[in-house]
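The values are calculated or read from the model by the stated rules, or taken from the named source; none is laboratory data. Since this is a predicted model, take the numbers as computed values, not measurements. So basically every Cβ, Gly included, is an ideal-geometry build from the backbone, and we count neighbours across all protein chains shown.
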Amino acid sequence: MPRRDVYIRSILGIVLGLSTQVACAPGQRSGSTGQIQPLRPLLTMMSLVNGRGAEFERNHLTPYVDQLGYRFQYLPAFQSDNRVDSYRQLFRERSLQPDLLELDIIWPAIFADHLVDLKPYLGQDVHSFPAEILQAFTINGRLVAVPVFMDTGLLYYRSDLLKKYGFAKPPETWDELEHMAKVIQRRERQAGQKEFWGFVWPGSPSEGLTCNAFEWLSSQAGEHILESDHTIRVYNRRTRQALERAASWVGTITPPGVIDYDEDDSWNVWAAGHAAFIRGWAYAYNRAASSKSLQGRFGITRVPGGINGQVRALGGNGVAVSRYSEHRAEAVMTLRYLVSASLQAERAQQVGSVPTRWPLQNRPDVMANTPFHGSMARQVMTGVVARPSSLAGSSYDRVSRAYFEAVHSVLTHQSAPDNALLALEKELVNITGFRAVREE
């Protein structure tokens with residue numbers, strides 16, 4: 001059986017097993033009286049996070065749900081890329097569980113029909129969240145998930161090496177990045193590090209590459225894959241130049257194997273001291289800060305830009321309530337607790353998650369354990385641009401696949417930029433029905 005099917009069956013087995021448990025277990029014996037007590041109803045949440053984030057959610061939600069008179073079952077993240085498929089199948093089954101589920105910021109349009117509109121439950125509290133983030137979770141006027149933490153692209157760099165080779169500040173443009181990467185790479189190799197590279201990033205054909213290419217092309221050409229006026233503007237001179245630039249990095253300042261790197265692969269190269277720069281995510285900040293080999297030797301800054309400015313892809317998670325939940329009121333109460341200002345502040349301080357409430361983003365005490373302090377203070381939303389998941393609707397996964405496969409074909413020299421962009425334009429038109437606009 002294919003690994004993908006095994007994963008989905010395991011998810012369904014767990015969730016449907018919980019539903020059976022609720023239906024079949026008549027009660028529990030009281031230790032004091034010996035009498036059978038009614039079994040309290042079960043509230044479940046399927047999460048996308050793991051590690052410290054999962055521990056934080058479980059430790060706080062379990063006692064909260066207990067106060068509501070419910071048992072709580074927390075289903076943490078599985079290490080798989082097939083969560084979309086598992087959610088789809090659970091919704092096809094109209095499963096009563098999970099009651100709550102976390103969504104990647106690019107998924108709301110895919111599952112909107114199966115989720116509760118949360119706007120009526122938030123009232124004026126909705127204004128505590130930046131509009132750019134809320135828009136990603138709003139489908140046809142319905143707020144189908146509330147952002148619990150955000151993420152965004154960042155450039156991590158070896159501050160000790162910049163100082164060593166006379167660079168007073170990190171790069172702000174792709175031209176500056178290329179220059180610094182070449183100088184540091186050459187000098188480090190001369191000093192004996194023969195496998196040292198200037199710049200690493202995830203280049204495998206995946207959503208990670210969509211994010212990277214989105215930043216390259218948007219900062220240079222202002223191209224957003226799909227435009228808000230329902231046009232497609234991927235074919236133009238600046239887009240071609242941005243792709244040519246990225247392809248030129250492979251094998252020069254970037255390892256040839258980058259075309260197969262995922263997020264962890266690129267991080268491992270950089271964290272091991274084999275690269276000067278890495279395009280990473282905000283969530284990785286504590287991973288770097290807690291590394292003994294990196295402490296005092298790294299810095300963070302915004303992703304470099306081109307003539308259209310510096311652009312950073314928006315990421316993060318929201319939490320939603322299933323339309324098929326039999327405990328909607330309790331699920332909504334739990335959701336509101338999870339996204340509350342007090343819990344987001346505590347999560348930022350303990351775990352380093354970036355809060356989604358803008359008043360918290362401006363508090364130094366809350367942000368001190370996130371990347372957005374010091375020189376990066378109050379820059380949480382600066383240059384942040386969302387991928388066009390809302391515009392693409394349920395077709396976003398097809399749109400993204402077309403995009404990263406076209407970019408990958410250029411990086412691997414299987415296609416010339418012109419040919420790849422023309423083919424991408426045609427495929428995006430077929431997927432979305434949007435109108436293609438070509439600019440020179």
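Worth pointing out:
- Against the conditions (1) touching a Lys or Arg at 6+ places or on another chain (Cβ under 7 Å); (2) without any contact (Cβ under 8 Å) to a residue 40 or more places away in the chain, GLN220 satisfies every one except (2).
- Within region 30-60, considering residues that are in contact with a strand residue (DSSP E or B) (Cβ under 6 Å, 6 or more places away or on another chain) and farther than 20 Å from SER86 by Cα, the one modelled with the lowest pLDDT: SER30
- Criterion: under 20 Å from GLY299 (Cβ atoms), surrounded by 22 or more Cβ atoms within 10 Å (Cβ to Cβ) and touching a Gly at 6+ places or on another chain (Cβ under 7 Å) - qualifying residue of ILE278, ILE253: ILE253
- Verdict on ARG302 being in contact with a strand residue (DSSP E or B) (Cβ under 7 Å, 6 or more places away or on another chain), of a type in the set (D, E, K, R) and touching a residue at least 40 places away in the same chain (Cβ under 8 Å): yes
- Exclusive hit being surrounded by 15 or more Cβ atoms within 10 Å (Cβ to Cβ), more than 26 Å from HIS127 (Cα to Cα) and not charged (D, E, K, R), set GLN310, GLN361, GLN349: GLN310
- Only one of the numbered conditions (1) buried (at least 22 other Cβ atoms within 10 Å of the Cβ); (2) under 23 Å from ALA131 (Cβ atoms); (3) among the hydrophobic types (A, V, I, L, M, F, W, C); (4) without any contact (Cβ under 8 Å) to a residue 40 or more places away in the chain is not met by ALA406, and that is (2).
- Only listed residue being at negative phi and free of Cβ contacts under 8 Å to residues at least 12 places away in the same chain, chosen from GLN361, GLN414, GLN379: GLN414
- Tally of residues being assigned to a helix (DSSP H, G or I), charged (D, E, K, R) and in contact with a Pro (Cβ under 6 Å, 6 or more places away or on another chain) across region 245-266: 1
- Hits in region 181-204 (condition: outside any loop (DSSP other than H, G, I, E, B) and in contact with a strand residue (DSSP E or B) (Cβ under 7 Å, 6 or more places away or on another chain)): ALA181, LYS182, ILE184, GLN185, TRP197, GLY198, PHE199, VAL200
- Subset of region 119-149 that is in contact with a helix residue (DSSP H, G or I) (Cβ under 9 Å, 6 or more places away or on another chain) and more than 16 Å from THR356 (Cβ to Cβ) - its residue that is surrounded by the most Cβ atoms within 10 Å (Cβ to Cβ): ILE139
- For region 383-440, filtered to residues that are outside any helix (DSSP H, G or I) and acidic (Asp, Glu), the residue that is modelled with the lowest pLDDT is GLU440.
- Being surrounded by 20 or more Cβ atoms within 10 Å (Cβ to Cβ) and either of a type outside the set (Asp, Glu) or assigned to a loop (DSSP other than H, G, I, E, B) (or both) is not true of GLY69.
- Odd one out for ILE106 among (1) at pLDDT 95 or above; (2) part of a loop (DSSP other than H, G, I, E, B); (3) surrounded by fewer than 16 Cβ atoms within 10 Å (Cβ to Cβ): (3)
- Verdict on VAL366 being touching a residue at least 60 places away in the same chain (Cβ under 8 Å) and either buried (at least 18 other Cβ atoms within 10 Å of the Cβ) or more than 21 Å from GLN310 (Cβ to Cβ) (or both): no
- Candidates in region 155-185 are the residues that are of a type in the set (Asp, Glu) and in contact (Cβ under 8 Å) with a residue 60 or more places away in the chain; of these, the one that is nearest to ILE253 (Cα to Cα) is GLU178.
- Qualifying position, being under 27 Å from VAL84 (Cα atoms), of a type in the set (S, T, N, Q) and surrounded by 15 or more Cβ atoms within 10 Å (Cβ to Cβ), among SER159, SER204, SER228, SER219: SER204
- Extreme residue, farthest from TYR157 (Cα to Cα), among residues of region 308-342 that are out of contact with any strand residue (DSSP E or B) (no Cβ under 9 Å at 6 or more places or on another chain) and aliphatic (A, V, I, L, M): ALA329
- Among (1) at pLDDT 95 or above; (2) in a loop (DSSP other than H, G, I, E, B); (3) out of contact with any strand residue (DSSP E or B) (no Cβ under 8 Å at 6 or more places or on another chain); (4) not aliphatic (A, V, I, L, M), the one test that ASP113 misses: (2)
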